[in-house]
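All remarks here apply to the structure that follows.
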Amino acid sequence: MKKLSILFSLVLVFLSCEKKVEEKISPKPNILFIFADDQRADALGIAGNPNLKTPNIDALAKRGTRFTNAYVMGGNHGAICAASRAMLMSGKGLFRVLDKLEGEHTMPMHFAAHGYTTFGTGKWHNERSAFEQSFQHGTNVFLGGMANHYSISLRDMTEADTLSAPENKGYSTDLFTSSAIDFIEKHVNSGAENPFFAYVSFTVPHDPYSPREDFIDRYSPDEIKLPENFLPLHPFQFDQLNIRDENLLAWPRDPEKVKAVLADYYALITHLDTQVGTLIETLKRLGQYDNTIIVYAADNGLAIGSHGLLGKQNMYEHSSKVPMIIAGPGVPENEIQEAYTYLFDLFPTLAALADLPLPEGIDGVNLVKVMDGNSEGIRGSMFNAYRHTVRSIRKDDWKLIRYPERDFTQLFNLKDDPDELNNLADKPEMAPKIEELRALLLQEQQAAGDTVAWTAEEILPLEYDYKRIDRFPDRWQPEYTLDKYFSDLED
C-alpha cells in the first residue's frame, strides 16, 4: 500500500510538472496594429458621432478598452503624420525624435528581437531605411505622406531585405487589407510556432476625399450635421493659414461644402471599418482571434470645419486628440479609460501585454497598470506643441493654448465648453488660473526639451484678410475631388 501511495504521489508530481511545462510554452499573443490616417477621435460611432457608422470598430472597442483622452504630442512641421509615426514607433516624445527614425530602436525591432515575425503594409512616412530595418516582411508599402487612393505608389520587401522599385496600384484600403490577410494566412499555415506582429497602416481617411466608387454615396451631405464648433473663418491668424490641408476648401468655409467633405470623409472611414471587420474575421477563421491583441488608433485628428479650419496643424482637441482602442488577451473588456495618454505609450504597453522586456530609454508609459485599475492616471497634465508657433497644456477641466508669435492666449473650460468656443483668457478672475497653467506649461516644456519662449521676440498681427490667401490643389487630387472641390478656381 505504501508503494502504491508513493507511486500515486509521483504520478501527481509528473502531471503537475507537465502542466507547468505546458503553461510555460504557451504561445505569446500575436499583435495586429491597425493605424488610420487623419481620423478625429470623435469620428467613430461608439464615440457618439450620430452621422457615422463603424460597427466593426465599435465592436472591437466593446471587446477591449477605449482611451478617450489619447493625443498625438504634436509636430515639427505641417506633416504631423511624420512626427506622430516617429513617436509611435520609437516610444519617444516629439523633441527627442522629431520626424526621424534612423538609428532608433523601433517597436517592430523590439518584437522581432524577442521572437516575433514582423510585417508591415501601408503608409510609412519616415525614412525608407527605417522600414527596411524594422520589418522582416512587407508588401504594398507606401513611402510618403499622401497619395491618390485610386492609384498609389507601392513597394514590396525583397529577399535582400530592401524595398523594391515603386509600382502604381489601387485602391489603397483594399490593397493594404489583402496584404495583411496574405501575410497572416501564410504565417499561420506555415505552422510557425512564433507569434506575429502585423502593422497595417491605412492612408484613409486622409485626403483626397475620394471614396471607392461603391462608397461615394454612402452618406448624404443633406443629413450630415456640422461640428458644433463650425466657423466660416478662424477668428485670428496663426502660423500658416493656407498650409496644404487648409487649401481643400475656399474661405469663408461654405457649410454645404464642409458637409460634402464630411460625407466623403465618413465614407472613407466606413469603408475602412468594413476592412477592419475582414481582418478580424480572418483571425477568427484561422483560429488566431483569441490569441491576438488588436490595436486601433490614428496618427492625428482633423478639423474639417471646426474653428474655420480643415487640417491638423493646430492645438484644438479635434486635431490633437485621436481614437485609441486596445483589445485582446490581458485587456479589460468594455472599458473606457480617461487617463491622459500619448500614442507613443502603445510601444511599452504592447511589450508588457506580450510579456516582453520593456524598451529602455523611452518616454512612453506602460498603460497596463491603468487598464488593471492600479492607477487612476499616469500623467497629471497633457502637453502639446506645433512648430514654434503653438503650445498647449491641459489639466483637469482646463486647457490653455499659447501663440508665442502673436502674444495671444486662449483659456477654455472643457467641462463647460468642450468645443473650445468661449475664450476666458481676458476675464480678470481667470488671471490666477492662467498663471497656474503657464507655470505648468513651462515645466512641461523644460521636461520635454522644448525651448520655445512664452512670447516671441517679434510679434505678428492677429488680423488677416482671407481674400488674400492663395488657394491651389496639390498633385494628388484625383478627378473626383478636382471636380467636386476645386471647380471654383480659375484656370
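Summing Lys and Arg as +1 and Asp and Glu as -1 over all other residues whose Cβ lies under 12 Å from the Cβ of A298 gives a net charge of +1. When +1 charges are put on Lys and Arg Cβ atoms and -1 charges on Asp and Glu Cβ atoms, the dipole computed for the chain relative to its Cα centre reaches about 1560 debye. Highest mean packing comes first when the peptides 420-429, 303-312, 154-163 are listed by Cβ atoms within 10 Å, giving 303-312, 154-163, 420-429. How big is the gap, in Å, between the Cα center of the stretch 282-341 and the Cα center of the stretch 172-251? Value for the Cα centre distance between the two parts: 13 Å.
Other residues whose C-beta falls under 15 angstrom from the C-beta of R244 contribute a net charge of -4, scoring Lys and Arg +1 and Asp and Glu -1.
Compute the distance from the alpha-carbon center of the stretch 28-68 to that of the stretch 423-491, in whole Å. Taking the Cα centre of each part, the stretch 28-68 and the stretch 423-491 sit 28 Å apart.
Close amide H pairs (under 5 Å, H built 1.01 Å from N) link Y342 with Y71, residues at least 5 positions away or on another chain. Note: relative contact order over the chain, using C-alpha pairs below 8 Å and six or more positions apart, is 22 percent. Look at the alpha carbon pairs under 8 Å that are at least 6 residues apart: their mean separation over the length of the stretch 397-491 gives a relative contact order of 27 percent. Put simply, the amide H of W398, placed in the peptide plane, has neighbours under 5 Å in L414, leaving out anything fewer than 5 places away on its chain. Using θ = phi - 60° in the Karplus curve 6.51 cos²θ - 1.76 cosθ + 1.60, the 3J(HN,Hα) couplings for the stretch 410-422 round to 10, 9, 10, 9, 5, 5, 7, 9, x, 8, 6, 10, 10 Hz; x is entered for Gly and Pro.
Checking the Cα-Cα distances for K123/K169; K28/K284; K284/K369; K284/K312; K53/K259 against a 24 Å cut-off, the pairs over it are K284/K369; K284/K312.
Taking a sphere under 9 Å around the Cβ of N140 and counting the other residues whose Cβ falls inside, with K and R at +1 and D and E at -1, yields a net charge of +1.
Among beta bridges from DSSP that stay inside the chain, the antiparallel ones total about 50%.
Every read-out reported here was derived from the displayed coordinates using simple, explicitly stated rules and does not represent laboratory data. Being a predicted model, the structure only gives us computed values, none of them experimental. Here the Cβ is made from the backbone with ideal geometry for all residues, glycine too, and neighbour counts use every protein chain on show.
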